[in-house]
Amino acid sequence: MVDMMSELTPHEDDNARMRASDADRDAVAHRLREALAEGRLDPDEHGERLDAVYRAKTLGELVPLTRDLPDTGATPTPAPTDFRSPRPVYGSGRIVDMPPSSRAALVLMGGADRSGNWVVPGSFTAVAVMGGIELDLREARFTQRETTIWIGTAMGGIGIIVPDDIQVRVHGLPIMGGFGIEGNTPSVVDPGAPIVHIRGIAVMGGVGVEYRARKHQDEDEK
């Protein structure tokens, strides 16, 4: 990664300690995206720096992230109005007015997954017969506050990974199978946070819901 600033004049030191705004972070993220498109950064470097952008609390922490990139002018280029910040969202911020990315995952003797920044509809269906499905909701957005994931599995397994800022309620019917929740369920969540209902049936199969930290949370704990 890029070395942090070392020698600063008193004036520069004052600016470096100033708290960064969302607009400051978005402008740097936009410059990094341009550098990736220009081939100045490879995808791994871009990802590392982008993670650092949204962990940054001061302007001084943002400076090294573009120090080795060409100066595009005296005035920093603002992020365009249609630029979507990859900044992590939480609680009620996950509810968006966007079309769903997917409405179903159907597997027969195979595997499937849904993960990343995807948009979950109000009703999603997951069916696995002698196969497996993984639904990762840690970076997901939702079209409605209450979402129902309809589950059907026979001699298969469905795993659902959830973050600590949404509520999950399991209403499944196991037949020679099981429904379970692992991890620390949140004790307090945003009053407007999404609620995910897990409903369905598991015949000689399993449905597991696991609370797991998000990538940037893992890094913060190191």
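With both labels modelled 7 Å from their Cα along Cα-to-Cβ, the Glu182 to Asp113 distance reads 1.5 nm. In this simple spin-label model, placing a label point 7 Å from the Cα along the Cα-to-Cβ direction at both Lys57 and Ala23 gives a separation of 2.3 nm. The alpha-carbon positions of region 82-152 define a convex hull whose volume is 86 Å³ per residue.
Taking only protein heavy atoms and a 1.4 Å probe, what accessible area per residue, in Å², does region 93-191 have with all protein chains in place? Could you put the intermediate results ahead of the total?
Details: 4980 Å² over 99 residues.
Solvent-accessible surface per residue comes out at 50 Å².
Within the set of other residues whose C-beta is less than 11 Å from the C-beta of Pro121, count the net charge using Lys and Arg as +1 and Asp and Glu as -1. Intermediate results must be reported in sequence, preceding the final value.
Numbers: positive: Arg103, Arg141; negative: none.
Net local charge, Pro121 excluded: +2.
Ordering Asp68, Asp97, Asp165, Asp22 by accessible surface, largest first, gives Asp97, Asp68, Asp22, Asp165; the 1.4 Å probe counts only protein heavy atoms, with every chain in place.
The values are calculated or read from the model by the stated rules, or taken from the named source; none is laboratory data. Keep in mind it's a predicted model, so treat the numbers as computed, not measured. Glycine also receives a Cβ, built like all others from the backbone with ideal geometry; neighbour counts cover every protein chain displayed. With ligands, DNA and RNA removed, areas are computed over all heavy atoms of the protein, side chains included. Shrake-Rupley method; radii C 1.70, N 1.55, O 1.52, S 1.80 Å.
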